[in-house]
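Before any comments, here is the structure.
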Amino acid sequence: MAATSLTVPPSFSGLRRISPKLDAAVSSHQSFFHRVNSSIRLVSSSSSSHRSPRGVVAMAGSGKFFVGGNWKCNGTKDSIAKLVSDLNSATLEADVDVVVSPPFVYIDQVKSSLTDRIDISGQNSWVGKGGAFTGEISVEQLKDLGCKWVILGHSERRHVIGEKDEFIGKKAAYALSEGLGVIACIGEKLEEREAGKTFDVCFAQLKAFADAVPSWDNIVVAYEPVWAIGTGKVASPQQAQEVHVAVRGWLKKNVSEEVASKTRIIYGGSVNGGNSAELAKEEDIDGFLVGGASLKGPEFATIVNSVTSKKVAA
Ligand code: PGA
């Protein structure tokens, strides 16, 4: 595919544009994808005779960059006050949706002290309306505290707590029906990757969401390989990109072309201030879900601002 056949957007606005030709190529065969990928790199290379006179945004979807900070079961009132203060004073690129997910017990504290620039997510929610469910937190309660999002299907819920695909799908459907956005996590374990089952596992987890939800309008998919979470062993940009392309392809085939284009597919697993820019350059990486590094305000801001590496210099 000649680099000149790519459609060049007039300027950077929001996220990305894609030519129908590139779209077709990305959603077809992987080896072909790699050739297309090389073409895109050529477009951005200053030595290329096909060099664009204007900025090229190397993105395959059409959604806004999205970065979530998953604080997990960390923090105290004091450490969270410090984190909020660091986030409030950070400079964040405008064209990014930014969300943090504090432990439930600190959501109220965070909501009342954090800038409105950053939305708040729950880390989990009950599968239906609240009631006699000891230890659970309902979607209604998250909304009452001002949450806009909830993380569902995180691997720690799947593999430590034992939540199953179907149950997670029901949770997503209920949260969406009440107006919360869902950060829908998927990802394979190391042994599944080594057995060549990465796509099978991710597609099965995606299908459980797809079977349960009436619409994908308010869903962000987080691809988080379990072997990369909290291990310091980040997926390479190519490894992540490969799965993101496959996820987008799955959505296109099984849901719709529009959903495949609009749905943000974010990467999670040992993302930090040092690796986020390289990962963000991949066309199908639409943002990040960050654990450990989201506990440090300045580093989280660096990750949010890695959106700038999407903007390939003209
Ligand atoms: P990590 O966690 O960034 O600490 O690897 C990511 C996540 O679990 O969402």
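At-a-glance table
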read-out: Filter result (under 17 Å from Val150 (Cα atoms) and among the aliphatic types (A, V, I, L, M)) within region 89-131; value: Val98, Val99, Val100, Val105, Ile107, Val110, Ile118, Ile120, Val127
read-out: Test: residue in region 154-168 that is touching a Pro at 6+ places or on another chain (Cβ under 9 Å) and closer than 30 Å to Ala235 by Cα; value: yes
read-out: Residue tally, condition over 15 Å from Ala184 (Cβ atoms) and within 16 Å of the ligand (Cβ to nearest atom), over region 226-266; value: 14
read-out: Members of region 195-237 found to be touching a His at 6+ places or on another chain (Cβ under 8 Å) and more than 16 Å from Asp284 (Cα to Cα), listed by number; value: Val226
read-out: Complete set of residues in region 267-289 that are near the ligand (Cβ under 7 Å from one of its atoms), without any contact (Cβ under 8 Å) to a residue 60 or more places away in the chain and out of contact with any Phe, Trp or Tyr (no Cβ under 7 Å at 6 or more places or on another chain); value: Ser270
read-out: Output for region 279-309, where each listed residue is charged (D, E, K, R), surrounded by fewer than 24 Cβ atoms within 10 Å (Cβ to Cβ) and within 17 Å of Leu92 (Cβ to Cβ); value: Lys296, Glu299
read-out: Conditions (1) more than 18 Å from Phe66 (Cβ to Cβ); (2) more than 11 Å from the ligand (Cβ to nearest atom): number failed by Gly292; value: (2)
read-out: Residue in region 223-235 that is among the charged types (D, E, K, R) and modelled with pLDDT under 95 present; value: yes
read-out: Conditions (1) polar (S, T, N, Q); (2) more than 24 Å from Asn124 (Cβ to Cβ); (3) crowded, with 20+ Cβ neighbours inside 10 Å; (4) within 13 Å of the ligand (Cβ to nearest atom); number of the one not met by Thr198; value: (4)
read-out: Single match in Gln205, Gln238 (criterion: surrounded by fewer than 16 Cβ atoms within 10 Å (Cβ to Cβ), polar (S, T, N, Q) and over 14 Å from the mean Cα position of the chain (by Cα)); value: Gln238
read-out: Residues located in region 186-221, provided they are among the hydrophobic types (A, V, I, L, M, F, W, C) and free of Cβ contacts under 8 Å to residues at least 40 places away in the same chain; value: Leu190, Ala195, Val201, Ala204
read-out: Entirely in region 76-185, the helices (runs of 4 or more DSSP H) that have 3 or more residues that are away from the ligand (no atom under 16 Å from the Cβ), crowded, with 18+ Cβ neighbours inside 10 Å and touching a residue at least 24 places away in the same chain (Cβ under 8 Å); value: 77-89, 165-177
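Yes or no, residue by residue, for (1) under 24 Å from Ala172 (Cβ atoms); (2) modelled with pLDDT under 95; (3) in contact with a Gly (Cβ under 6 Å, 6 or more places away or on another chain):
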| position | (1), (2), (3) |
| --- | --- |
| Ala60 | yes, yes, no |
| Thr76 | no, no, no |
| Leu83 | no, no, yes |
| Leu92 | no, no, no |
| Pro102 | yes, no, no |
| Val105 | yes, no, no |
| Asp116 | no, no, no |
| Ser121 | yes, no, no |
| Val127 | yes, no, no |
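The values are calculated or read from the model by the stated rules, or taken from the named source; none is laboratory data. This one's a predicted model, so the numbers in the text were calculated from it and none came from an experiment. As a convention, Cβ positions derive from the backbone with ideal geometry for all residues, glycine included, and neighbour counts pool all protein chains shown.
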